[in-house]
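Asker: Structure provided below as structure tokens; questions to follow.
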Amino acid sequence: AKNSGGDRFQYFTPSMQKSAVSRMALINDLRTALAENQFKLYYQPIVNLMSGAIHKSEALIRWQHPERGLIGPIEFIPIAEETKLIVDIGDWVFHEASRQAVRWRSSFQPNFQISINTSPVQYKSDNFNARDWLEHLHVMKLPGDAITVEITEGTLMESRASIDQVLFDFRDANIQVSIDDFGTGYSSLSSLKKLDIDYIKIDKSFVDGIAPNSNDLALCEAVIVMAHKLDLKVIAEGIETENQKRLLIAAGCDFGQGYLFSKPLPAMEFEKLLNI
Ligand code: C2E
Ligand code: CA
Ligand code: CA
Ligand code: CA
């Protein structure tokens, strides 16, 4: 679609986003999307690799555009970050995930957990206050450990100043913290030791290359051994094959996520997976 002139998908290509007119249109549409509740959270299970049981779920945002259909996050998160709309979108994600956690905790499992993604732009914004989130949990009568916050390794490295207090507030409220896309940012595991986090998510790019005697497998093994020494649990992202799963289990990986288990699903379909 990117090279065929004039079709509607052009609207969302990077080159079109640079054109002032379509950029304005996209920004306006994003504002409307917030106001008219066009965002949806899809849920992907994170499974215990040994038992196969669902451990928690990751919430992944989609935009149900009235004319353009379902739009994935990589098409609108960057511009939402540039315009700081991501701060309001991030609040929406938190509120929606909390609402869903309340429902699944009463209908399925009393301690069901949902993991949400966050952007560095949120943490740098004056309009973001972790305490508003904690207050919201309080109002919802939801304990902090119902929510896990995923922060990418890159965010952690580039925004340490703005993130330290936030991490402290999360910890104080018992919200769990997961380092997303681990391995892509060249940070050392020992630097994570001071941060008191709970999970490391090994990025899909490493899981993709896992094969017996491969460098990627050696890297995963090393990360898993060190993470366990630091008392962190490890989640491998993007598992697509039985072979990857088998090698990750042998390497001692705790949890896995990927199309092998399930794609991200709308809440109603995710509930079928839980079928308690
Ligand atoms: P991520 O956090 O690394 O999420 C994993 C991505 O990999 C998701 O793409 C998921 O659908 C996809 N995935 C999961 N398992 C497999 C697999 O086995 N094979 C393949 N090929 N892909 C798999 P998605 O949903 O398009 O999200 C892309 C990125 O957008 C996320 O990467 C995250 O960085 C960002 N994102 C998603 N939701 C949010 C959100 O609510 N807020 C923010 N700030 N960012 C979000
Ligand atoms: Ca994530
Ligand atoms: Ca990733
Ligand atoms: Ca901990």
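Where a number appears in this text, it was derived from the coordinates with a stated rule and is not lab data. Please read these numbers as outputs of a predicted model, since none were measured by experiment. As a convention, Cβ positions derive from the backbone with ideal geometry for all residues, glycine included, and neighbour counts pool all protein chains shown.
Asker: Tell me which GluC sites (Glu not before Pro) from segment 184-276 have a DSSP coil assignment and no more than 14 other beta carbons within 10 Å of their own.
Answerer: E240
Asker: OK, next. At what distance in nm do the modelled label points of S191 and D169 sit from each other, each positioned 7 Å from its Cα along Cα→Cβ?
Answerer: My value for the distance between the label points is 2.4 nm.
Asker: If you take the alpha carbon radius of gyration of segment 83-189 and divide it by 2.2 N^0.38 Å, what ratio comes out, to two decimals?
Answerer: On the way: Rg = 13.8 Å, N = 107, 2.2 N^0.38 = 13.0 Å.
Normalised Cα radius of gyration, segment 83-189: 1.06.
Asker: Taking only the Cα atoms of segment 99-161, how large is their convex hull per residue, in Å³?
Answerer: On the way: hull volume 5.6 nm³, N = 63.
Measuring per residue, one finds 90 Å³ for the Cα hull of segment 99-161.
Asker: Quick one: what are the phi-derived ³J(HN,Hα) couplings along segment 108-114, Karplus 6.51/-1.76/1.60 with θ = phi - 60°, whole Hz, x for glycine and proline?
Answerer: These are the phi-based 3J(HN,Hα) values: 10, 10, x, 10, 4, 10, 10 Hz.
Asker: Could you tell me the relative contact order of the chain? Use alpha-carbon pairs under 8 Å, at least six residues apart, and round to a whole percent.
Answerer: Details: 435 pairs, mean separation 46.7, N = 276.
Over the chain, the number comes to 17 percent.
Asker: Name the trypsin sites (Lys or Arg not before Pro) in segment 65-124 that are in a loop by DSSP and that have at most 14 other C-beta atoms within 10 Å, would you?
Answerer: Of the trypsin sites (Lys or Arg not before Pro), the ones in loops of segment 65-124 whose Cβ has at most 14 other Cβ atoms within 10 Å are R68.
Asker: For the pairs K56/K141; K40/K229; K40/K193; K194/K245, note any where the Cα-Cα span goes beyond 28 Å.
Answerer: Details: K56/K141 19 Å; K40/K229 38 Å; K40/K193 35 Å; K194/K245 30 Å.
Violating the 28 Å limit, Cα to Cα: K40/K229; K40/K193; K194/K245.
Asker: Express in nm, to one decimal, how much length is gained between N215 and K40 on full extension, taking 0.36 nm for each residue of separation and deducting their alpha carbon distance.
Answerer: 59.2 nm
Asker: Starting from the amide H of A236, placed 1.01 Å from N in the peptide plane, find each other amide H under 5 Å away whose residue is 5 or more places distant or on another chain.
Answerer: HN-HN under 5 Å from A236: I202, F255, G256, Q257.
Asker: Also, quick follow-up: Find the Cα radius of gyration of segment 47-95, compare it with 2.2 N^0.38 Å by division, and give the number to two decimals.
Answerer: This ratio for segment 47-95 stands at 1.53.
Asker: What Kirkwood radius, in Å to one decimal, follows from the Cα pairs of segment 119-262?
Answerer: Numbers: mean 1/r = 0.0624 Å⁻¹.
Evaluated over segment 119-262, this radius sits at 16.0 Å.
Asker: Using modelled backbone amide H atoms (1.01 Å from N, in-plane), which distant-in-sequence or interchain residues come within less than 5 Å of E58's amide H?
Answerer: Q44, I46, S115
Asker: If you don't mind, there's one more thing I want to ask. So which trypsin sites (Lys or Arg not before Pro) in segment 157-198 are both in a DSSP loop and have at most 14 other Cβ atoms within 10 Å of their Cβ?
Answerer: K194
Asker: Give, in whole angstrom and from largest to smallest, the semi-axes √(5λ) of the equivalent ellipsoid of the chain, with λ running over the eigenvalues of the Cα gyration tensor.
Answerer: Values: eigenvalues 172, 107, 84 Å².
Equivalent-ellipsoid dimensions as semi-axes: 29, 23, 21 Å.
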